[in-house]
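See below for the structure under consideration.
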Amino acid sequence: MSRKYLATGESLRSLSFAFRISHNYLSTIIKSTLAELRIKLVPIFLPDSKNIDFTQKSAEFSYKWNFSNCILTIDGKHVLIRSPSNFGSLFHNYKDFYSIVLMAMVDANYKFIVVDIGSFGKEGDSGIFLNSNMGQKILNGTFGFPEQCQLPGSDKVAPYVISQ
């Protein structure tokens with residue numbers, strides 16, 4: 001039933017009739033299922049940044065995209081939502097709809113490395129980055145990036161970059 005709720009977006013009332021379970025109890029089942037999925041899947045699909053070989057990520061960018069010294073790429077995406085009550089214009093964005101922002105860093109193969117979900121739609125990418133855990137870790141040097149590397153075909157040393 002959790003699978004059907006997640007896959008179709010069908011209402012809890014409708015599912016409660018289909019499975020003959022009260023919608024209150026169905027809500028409890030779905031919440032516990034999602035919590036368990038998070039515990040099991042986050043370590044698999046969002047590894048700890050301390051366990052990532054960023055020199056390998058840089059090599060992938062260089063090979064696949066011809067972009068040397070790039071480790072990750074970052075961007076934000078506005079996800080459309082209904083206007084929450086009692087929040088004023090916090091979720092109203094410059095595109096003239098209500099949203100929350102999904103900001104993510106991905107590797108050369110589009111695999112998510114870090115995500116930040118839930119910022120107000122009115123905020124810009126730079127503000128979200130500065131206030132996020134990922135931004136704070138990068139800015140204070142605890143994210144785990146290597147310092148510098150040698151440019152391919154040269155003896156010059158340059159820092160790694162994150163593209164946008």
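Details
- Long-range neighbours under 7 Å by Cβ, at least six apart or interchain, first residue under 16 Å from Asn133 (Cα atoms) within segment 88-113, second open to solvent by less than 60 Å² (accessible area, probe 1.4 Å) and part of a loop (DSSP other than H, G, I, E, B): Val101/Gly121; Val101/Glu123; Met103/Ser132; Phe112/Leu46; Ile113/Ile52; Ile113/Asp107
- Look at segment 135-164: where a residue is more than 20 Å from Ile117 (Cα to Cα) and a partner is part of a helix (DSSP H, G or I) and charged (D, E, K, R), sitting 6+ places away or on another chain with Cβ atoms under 6 Å, you get Gly144/Lys50.
- Among the residues of segment 1-22, those identified as in a helix (DSSP H, G or I) and either more than 31 Å from the chain's Cα centre (by Cα) or surrounded by 13 or more Cβ atoms within 10 Å (Cβ to Cβ) (or both) are Ser2, Lys4, Tyr5, Leu6, Leu12, Ser14, Leu15, Ser16, Phe17, Ala18, Phe19.
- Selection of strands (runs of 3 or more DSSP E) fully inside segment 92-164 by the criterion of at least 3 residues being within 18 Å of Thr55 (Cβ to Cβ) returns 148-150, 157-159, 161-163.
- Going through (1) at positive phi; (2) free of Cβ contacts under 8 Å to residues at least 12 places away in the same chain one by one, Asn69 falls short only on (2).
- Applying the criterion of being modelled with pLDDT of 80 or more and of a type in the set (Ser, Thr, Tyr) to the residues of segment 58-84, the residue that is nearest to Met134 (Cα to Cα) is Thr73.
- For segment 66-91, a residue qualifies if it is closer than 24 Å to Gln150 by Cβ, open to solvent by less than 60 Å² (accessible area, probe 1.4 Å) and assigned to a loop (DSSP other than H, G, I, E, B), and the qualifying residues are Ser68, Asn69.
The values are calculated or read from the model by the stated rules, or taken from the named source; none is laboratory data. All values derive from a computational prediction rather than experimental measurement. Ideal geometry is used to build each Cβ from the backbone, glycine not excepted, and the neighbour counts take in all protein chains shown. Calculation scope for accessible area: heavy atoms of the full protein, side chains included, ligands and nucleic acids excluded. Shrake-Rupley method; radii C 1.70, N 1.55, O 1.52, S 1.80 Å.
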